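Asker: Below is the structure I would like to discuss, written out as structure tokens.
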Amino acid sequence: MSEPLGDYEAALDWLDSHIDLERLLGSAGVDAPTLDRMWTLMGVLGDPQDSVPAIHITGTNGKGSTARCAVALLGACGLAAGSYTSPHIERVNDRIMVANEPLSDDDFTAAISEIAVFEPLAVERVGERPNYFEVMAAAAYNWFASVAHVNVIEVGMGGRWDATNVVDAAVAVITNVGADHLEIIGPTLADVAAEKAAIISAGAIAVCGETAPALTGIVAAAATEAGADLWRRGDEWDVVDRRVAVGGQVVSLRTPFGEHRDIFVPLHGAHQAVNVATALTAVEAFFGRSLDDELVSAALGDVCLPARFEIVKHQPTVVIDGAHNPAGAVALRETLAEALSVAVGGGVTSDVMPRSDGSEAVLVIGANRPHDPGAFCEALDLGSFDAVVTVAATWPRAMPASEVADAVKAVAATAGRGVSAPKIIPASDVPTATQIAQDRAGTGGIVVVTGSLYLAAEVRRLLAARSH
């Protein structure tokens, strides 16, 4: 065993000494998937993942939102809920939270230090070091074993081979199955569904938000094999009704235990209503009973989802959204139309973004390999934007702004509002892109930042720093 790490900076340096597969995603030469390192590390730590009951969440979109809502609901029931999610928005501490609050620097240092102490023993047994994501997942499980009543664990990618999949969770959640990372967990949607369904543990309750029969059939087969109960959206649970409200929406939800009517949530978009329903169903599955309506309202009334259709500035209105695939782009397009009265693709302006005074609607977009910015823009529909600023986030897999611009140009040629296609402007860096977009938008316009969660997070930090 090794000595504990001295301070927060030492913890970050030690963490960064590990291979980060998130940075190498889609690259050649990445080792075949295995859980050997993770199982070994868990073993030398005393299998902390078995100390606390868990809700395990996978899916193409909506995992993080569902996790935060579930933690809020569990907290309202009096339980300290630990959550592990990725990637982080502000700081790496954000990945390991208790009650939706990141670990302090001291606690984060202690959590990572415990892994550093036992890592040599694990390496001796398995023959290689764990990677960055495995260390973080191990640190989360180990920390929560001492401080949490329940864990809410978000899969990084897929499910079967994800480092988090060393837990026998009482509830397994599959938010949806989409065409993301097909080069790794595909090549077909059926393959993706099978990979995600592999998180279903024996005797668990599986909450499935996917509704395509061909895919739910795969999930059902996995649940049957595991001896798990399957709760399908549309059958056992669903969103019954929703209506737009100031600052969010009012939703009515149905679970196997009954209905919850007229619950206000400060979140925008039909997709978020589904995420809330998913979280509520998962938590009720965990408890095996219905939650009180007043408790549900109190828990969800203050929920906050950073970088998920988050309005971070006014004059101009700046919306950041971490959507990065076509399904996320569709959700963003629909949410813009609903929440801001922006008829994206419809050629209709509104009081939210008038153009008569020179104000503009400006899209700031980045993309990370291996995602396709052209497919994203097709799904988003560029017809409501006057200008598109392309930029690369500060991230190894970020595409150059010129490459994103070429992809956008190919889409924009047929995406005009009937007047002209949007002007496309490659920017040298994120601060420059943010300034160009705000200048073009004017005080009465709107800036939408999307295409990459890393870009959304970087703009979020930048604007927060400028406001202080």
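Asker: Taking only complete DSSP H runs, can you tell me which helices of the chain stretch 27 Å or more along their own long axis by Cα positions and average at least -1.0 on the Kyte-Doolittle scale?
Answerer: 105-126
Asker: Post the alpha-carbon centroid distance, region 207-281 to region 51-120, in whole angstrom.
Answerer: If you average the Cα positions of each part, the centres end up 23 Å apart.
Asker: For Val98, what accessible area in Å² do you get when you roll a 1.4 Å probe over the heavy atoms of the protein chains, rounding to the nearest 10?
Answerer: About 40 Å², rounded to the nearest 10.
Asker: Provide, for the chain, the number of lysine pairs with alpha carbons under 29 Å apart, each pair being eight or more places apart or on different chains.
Answerer: Within the chain, the lysine pair count is 5.
Asker: Using Cα-Cα distances under 8 Å and only pairs 6 or more residues apart, what relative contact order does the chain have, in percent?
Answerer: Relative contact order for the chain comes out at 14 percent.
Asker: Would you mind checking which residues have amide H under 5 Å from Val364's amide H? H placed 1.01 Å from N; only 5 or more apart, or other chain.
Answerer: Val389, Val448, Val449, Thr450
Asker: Quick one: which residues, 5 or more positions from Lys313 or on another chain, have an amide H under 5 Å from its amide H? H modelled 1.01 Å from N in the peptide plane, none for Pro or chain starts.
Answerer: Residues meeting the amide H criterion: Val318.
Asker: By how many nm would the segment from Ser290 to Val244 lengthen if fully extended, with 0.36 nm per residue of separation less the alpha-carbon distance?
Answerer: So the chain would gain 14.0 nm between Ser290 and Val244.
Asker: Using a 1.4 angstrom probe, figure out how much accessible area region 72-159 has per residue, in square angstrom, rounded to the nearest whole.
Answerer: I get 32 Å² per residue for region 72-159.
Asker: Calculate, for region 162-290, the solvent-accessible area per residue in square angstrom, rolling a 1.4 angstrom probe over the heavy atoms of the protein chains.
Answerer: 37
Asker: Taking only the alpha-carbon atoms of region 190-275, what semi-axes of the equivalent ellipsoid follow from 5 times the gyration tensor eigenvalues under a square root, in whole Å, largest first?
Answerer: Sorted largest first and rounded, they come to 29, 14, 10 Å.
Asker: So how much slack lies between Glu225 and Ala110, counting 0.36 nm per residue of separation and subtracting their Cα-Cα distance, in nm?
Answerer: That pair, Glu225 and Ala110, stretches by 37.4 nm at full extension.
Asker: Between Arg91 and Arg160, what FRET efficiency follows from the Cβ-Cβ distance if R0 is 30 Å, with the result rounded to 0.05?
Answerer: 0.50
Asker: Just the Cα atoms of region 372-432: what Rg and Dmax do they give in Å?
Answerer: 11.5, 38
Asker: Restricting things to alpha carbons, tell me how big region 152-295 is in terms of Rg and Dmax, in Å.
Answerer: When restricted to Cα atoms, region 152-295 yields Rg and Dmax of 15.4, 45 Å.
Asker: Which of the listed residues, Ala140, Gly227, Ala387, is farthest toward the dipole's positive end in the chain, when Lys, Arg count +1 and Asp, Glu count -1 at the beta-carbon?
Answerer: Ala387
Asker: Compare the peptides 53-64, 189-200 by average per-residue count of other Cβ atoms within 10 angstrom and give them in order, highest first.
Answerer: Ranking, from highest mean packing down: 53-64, 189-200.
Asker: Could I ask something else about it? Please give, to one decimal in nm, the separation of the simple spin-label points placed at Thr188 and Glu101, each 7 Å out from Cα toward the Cβ.
Answerer: Taking the simple label geometry, Thr188 and Glu101 are separated by 4.9 nm.
Asker: At R0 = 51 Å, how high is the FRET efficiency between Ser428 and Asp7 if r is their beta carbon distance? Nearest 0.05 is fine.
Answerer: 0.90
Asker: Per DSSP H run of n ≥ 4, the term is -39500 (n - 2.57); total these for the chain, divide by its residue number, and report the mean residue ellipticity at 222 nm rounded to 500 deg cm²/dmol.
Answerer: Helices in the chain give a 222 nm mean residue ellipticity of -12500 deg cm²/dmol.
Asker: What's the carbon and sulfur percent of the chain's accessible surface, probe 1.4 angstrom, rounded to a whole number?
Answerer: That share works out to 51 percent.
Asker: Over the residues of the chain, compute the C-alpha Rg and express it relative to 2.2 N^0.38 Å.
Answerer: Rounded to two decimals, the normalised Rg is 0.97.
Asker: Rounded to the nearest 10 Å², what accessible area does Cys304 have for a 1.4 Å probe in the complete protein model?
Answerer: Ignoring ligands and nucleic acids, Cys304 comes out at about 70 Å².
Asker: Taking H placed 1.01 Å from N in the peptide plane, check which residues at least 5 places from Ala54 or on another chain put their amide H under 5 Å from its amide H.
Answerer: Amide H neighbours of Ala54, under 5 Å, 5+ apart: Asn151, Ala170, Val171.
The values are calculated or read from the model by the stated rules, or taken from the named source; none is laboratory data. Everything numeric in this text was worked out from a predicted model, so none of it was measured. Virtual Cβ from ideal backbone geometry, glycine too; neighbours counted across all protein chains shown. With ligands, DNA and RNA removed, areas are computed over all heavy atoms of the protein, side chains included. Shrake-Rupley method; radii C 1.70, N 1.55, O 1.52, S 1.80 Å.
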